[in-house]
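The values are calculated or read from the model by the stated rules, or taken from the named source; none is laboratory data. In this text, all values refer to a predicted model and were calculated from it rather than measured experimentally. Cβ atoms come from the backbone with ideal geometry, glycine included; neighbour counts cover every protein chain shown. Just the protein is used for accessible areas: all its heavy atoms, side chains included, with ligands, DNA and RNA removed. Shrake-Rupley method; radii C 1.70, N 1.55, O 1.52, S 1.80 Å.
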Amino acid sequence: QVQLVESGGGLVQAGGSLRLSCAASGRTFSTLVLGWFRQAPGQAREFVASINWSGGSTEHADSVKGRFTIASDHTKSTVYLQMNSLKPEDTAVYYCAASRRGWSGILKYEYAYDYWGQGTQVTVSS
């Protein structure tokens, strides 16, 4: 009974920045872990980053470390993905997800998540 709505996607040039937002509504449990995944055409869905509601724990995929930063605001029931130094290979549909399982090493796998947003398109031009 958790609904997730992504926003902030769009078209940017390589080297630019974009900030994605994911607003959660419904039963937003305090123990939820929030994550971002992305999927390019013809590609498997790929883990990007995850964070607990308090922001005390974060994890980022090697492909985005140093460029992307995940953050959360529990008071606003919102998770963010700040994307800097964007590359054409970052082009994908980005999905927000929420897990009820707590913080663990399985959070880089999509099966760990119980709720998913509809996705937002990010396109990075050369």
- Task: Determine if region 26-48 includes at least one residue that is among the small types (Gly, Ala, Ser), loosely packed, with under 13 Cβ neighbours inside 10 Å and in contact (Cβ under 8 Å) with a residue 24 or more places away in the chain.
- Result: yes
- Task: Any chance you could count how many residues in region 60-96 are among the charged types (D, E, K, R), open to solvent by 10 Å² or more (accessible area, probe 1.4 Å) and under 14 Å from the mean Cα position of the chain (by Cα)?
- Result: 3
- With respect to residue 100, is the statement that it is over 13 Å from the mean Cα position of the chain (by Cα), farther than 14 Å from residue 31 by Cβ and open to solvent by 20 Å² or more (accessible area, probe 1.4 Å) true? no
- When both residues are 6+ apart or on different chains and their Cβ atoms are under 7 Å apart, which pairs have a first residue that lies in region 72-99 and is under 13 Å from residue 53 (Cβ atoms) and in contact (Cβ under 8 Å) with a residue 24 or more places away in the chain, and a second that is open to solvent by less than 40 Å² (accessible area, probe 1.4 Å) and in a helix (DSSP H, G or I)? 99/107; 99/112
